[in-house]
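To start, the structure itself, in structure tokens.
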């Protein structure tokens, strides 16, 4: 099934060297986004970075910031990340209390609004939220840590989301995050994803720009 937009690569800085974040962002200047995982050690069992670091990243990044909030109380915090300079802000359906109001607040603050789903969370009960969203993120690993193995069984959910988007008729992107690499990205694109988060597949490569180009080529050929 063809994806509706040119495949976009969003390298996850979770796999980068946190001691040199400005340089690590420059290294992915040929990508479409920089994926920023915000974890609070409550919603997921890991602690990464927060609002002050995102504000600093926004001042130096050569590509738009794609902030993925794996936090409790995203209703309170999500608009602040948009105001801090994120161009896309994703909240988890398992944590958000009022997804419609929060998505509208993110958009009002100038960012794209996205909703993420853990592997065990079904999409169908939330399909009617598509008019409020710019992107749906299907997690292809359990959120919290990078470097996990890709979960093939989540491709059915990717297809389900893509079909719902097609019925809806809006321009809603479908993002996958977790275990995305050269040997898995084609399957994701074939299922209907068009935005691909890749961590170690990019930052673990000897030639980062070449890795980004290769992932984009593989996704384009499969979409």
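The values are calculated or read from the model by the stated rules, or taken from the named source; none is laboratory data. The structure presented is a predicted model; accordingly, all values stated were derived computationally and were not measured. A quick note on method: Cβ atoms are made from the backbone with ideal geometry, for glycine too, and the neighbour counts reach across all protein chains shown.
Please state which one of 158, 172, 176 is surrounded by 21 or more Cβ atoms within 10 Å (Cβ to Cβ), under 17 Å from the mean Cα position of the chain (by Cα) and either closer than 23 Å to residue 42 by Cα or in contact (Cβ under 8 Å) with a residue 60 or more places away in the chain (or both).
Residue meeting the stated conditions: 176.
Tell me, which residue of the range 119-143 that is within 17 Å of residue 36 (Cα to Cα) and crowded, with 16+ Cβ neighbours inside 10 Å is nearest to the chain's Cα centre (by Cα)?
Of all residues in the range 119-143, those within 17 Å of residue 36 (Cα to Cα) come to 135-143.
From what is left, the residues that are crowded, with 16+ Cβ neighbours inside 10 Å are 135-141, 143.
On the way: 135: 9, 136: 8, 137: 6, 138: 8, 139: 9, 140: 11, 141: 12, 143: 11 Å.
My answer is 137.
So residue 89 ticks every box in (1) within 20 Å of residue 195 (Cα to Cα); (2) part of a loop (DSSP other than H, G, I, E, B); (3) without any contact (Cβ under 8 Å) to a residue 40 or more places away in the chain but one. Which box is left unticked?
Of (1) within 20 Å of residue 195 (Cα to Cα); (2) part of a loop (DSSP other than H, G, I, E, B); (3) without any contact (Cβ under 8 Å) to a residue 40 or more places away in the chain, only one is false for residue 89: (2).
Among (1) under 23 Å from residue 200 (Cα atoms); (2) over 16 Å from the mean Cα position of the chain (by Cα); (3) crowded, with 17+ Cβ neighbours inside 10 Å; (4) modelled with pLDDT of 95 or more, which single condition is residue 77 missing?
Only one criterion in (1) under 23 Å from residue 200 (Cα atoms); (2) over 16 Å from the mean Cα position of the chain (by Cα); (3) crowded, with 17+ Cβ neighbours inside 10 Å; (4) modelled with pLDDT of 95 or more is unmet by residue 77, namely (1).
Any idea which of 28, 9 is within 17 Å of residue 189 (Cα to Cα) and in contact with a strand residue (DSSP E or B) (Cβ under 6 Å, 6 or more places away or on another chain)?
On the way: 28 fails: within 17 Å of residue 189 (Cα to Cα).
Every option except 9 fails the conditions.
Counting only residues that are within 17 Å of residue 149 (Cβ to Cβ) and at pLDDT below 95, how many does the range 200-223 have?
Here the count works out to 1.
Does residue 178 satisfy the criteria of being at positive phi and modelled with pLDDT of 95 or more? Talk me through it step by step, then tell me what you get.
Working: at positive phi: yes; modelled with pLDDT of 95 or more: no.
So residue 178 fails the test.
Across the range 25-57, which residue is nearest to the chain's Cα centre (by Cα) among those that are surrounded by fewer than 22 Cβ atoms within 10 Å (Cβ to Cβ) and part of a strand (DSSP E or B)?
39
Any idea how many residues of the range 105-121 are part of a loop (DSSP other than H, G, I, E, B) and touching a residue at least 12 places away in the same chain (Cβ under 8 Å)? If you could, list the steps in order and put the result at the bottom.
Looking only at the range 105-121, we keep the residues that are part of a loop (DSSP other than H, G, I, E, B), and these are 109-111, 118-121.
In the following step, the residues that additionally are touching a residue at least 12 places away in the same chain (Cβ under 8 Å) were identified as 109-111, 118-119, 121.
Residues that pass the stated criteria total 6.
How many of the residues in the range 12-24 are closer than 22 Å to residue 90 by Cα and in a loop (DSSP other than H, G, I, E, B)?
Looking only at that region, the number is 1.
Can residue 20 be described as under 30 Å from residue 213 (Cβ atoms) and free of Cβ contacts under 8 Å to residues at least 60 places away in the same chain? Quick ask: steps written out before the conclusion?
Working: under 30 Å from residue 213 (Cβ atoms): yes; free of Cβ contacts under 8 Å to residues at least 60 places away in the same chain: yes.
When the stated conditions are applied, residue 20 passes them.
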